[in-house]
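Here is the structure we will look at.
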Amino acid sequence: LCDWSSDVCSSDLTYPVPVSGVRAPAAKPAGQVVRLAFSPDGSLLATGTTGGTVEIHRTITPGTVSSIPAEDGPVRILAIPAGNTHLVTGTGDTTIRCFRLDDNSLVWTREHKQPVTAVLPDADGKRLLIGDETGHLFILSLEDGRAVISLHLHPSPVTCIDRAGPVTACGHADGTVAILNAE
């Protein structure tokens with residue numbers, strides 16, 4: 001834990017951050033990094049570039065664990081759901097892809113009707129919440145990318161999503177925050 005006003009940090013907390021504090025970069029990615037996503041347990045970090053390449057890194061050892069080849073355009077969506085078994089990425093405005101992390105194989109592709117503007121893996125590692133330009137919230141099955149739930153929350157684009165237990169909050173481009181309680 002750190003006291004940012006005095007720059008003093010406790011040495012009791014070392015995982016996932018290396019004991020030495022900041023780790024030097026292992027390699028420069030192919031393109032400007034435009035998206036980052038930690039795994040929920042903090043052991044992995046995904047980086048997405050303007051060239052469409054996604055690299056997976058461990059947070060306490062240097063080097064790249066794996067790399068997903070470049071797709072069309074910059075990475076706009078990036079998430080590692082709980083369990084560290086999948087990676088969700090989107091490089092176009094409407095295409096979402098799910099890959100297995102162990103072998104980088106493509107699990108599913110979903111062509112969404114509207115540009116996707118926000119993404120959040122659910123804590124259970126089985127679903128993915130996405131918000132789009134029309135103010136809709138979709139809950140997708142991580143298994144096959146199928147929409148399990150679709151809700152129109154507000155007519156302004158979803159800009160961010162967060163969840164605490166059964167409560168989900170979606171921020172919208174016009175400043176509105178939609179809050180729903182879905183058990």
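The values are calculated or read from the model by the stated rules, or taken from the named source; none is laboratory data. Just so it is clear, the model here is predicted, and its values are computed rather than measured. A quick note on method: Cβ atoms are made from the backbone with ideal geometry, for glycine too, and the neighbour counts reach across all protein chains shown. Heads up: the accessible areas ignore ligands, DNA and RNA and are worked out on the full protein's heavy atoms, side chains in. Shrake-Rupley method; radii C 1.70, N 1.55, O 1.52, S 1.80 Å.
In this structure the range 133-183 gives 54 Å² per residue of accessible area when probed at 1.4 Å with all protein chains present. If the segment from D41 to T159 were pulled out straight at 0.36 nm per residue, it would be longer than the present Cα-Cα gap by 40.1 nm.
Neighbours of T91, meaning other residues whose beta-carbon lies under 15 angstrom from its beta-carbon, give a summed charge of -1 when Lys and Arg score +1 and Asp and Glu score -1. Counted residue by residue at 0.36 nm each, then reduced by the alpha carbon distance between them, the extension gain from N84 to I149 reaches 21.0 nm.
Spin-label model, T134/R58: points 7 Å from Cα along the beta carbon direction are separated by 4.5 nm. Measuring nothing but protein heavy atoms, the accessible surface of the range 101-142 at 1.4 Å probe radius is 48 percent carbon and sulfur. Averaging 1/r across all pairs of distinct Cα atoms in the range 84-158 and inverting the result yields a Kirkwood radius of 12.4 Å. Please report the spacing between the Cα centers of the range 77-116 and the range 31-76 in Å, no decimals. Using only Cα atoms to place each centre, the spacing works out to 12 Å.
So what's the range 45-183 giving for Cα Rg divided by 2.2 N^0.38 Å, two decimals?
Details: Rg = 14.8 Å, N = 139, 2.2 N^0.38 = 14.3 Å.
Against the empirical 2.2 N^0.38 Å value, I get 1.03 for the range 45-183.
Near P40, once Lys and Arg are set to +1 and Asp and Glu to -1 for all other residues with Cβ below 14 Å from its Cβ, the sum equals -1.
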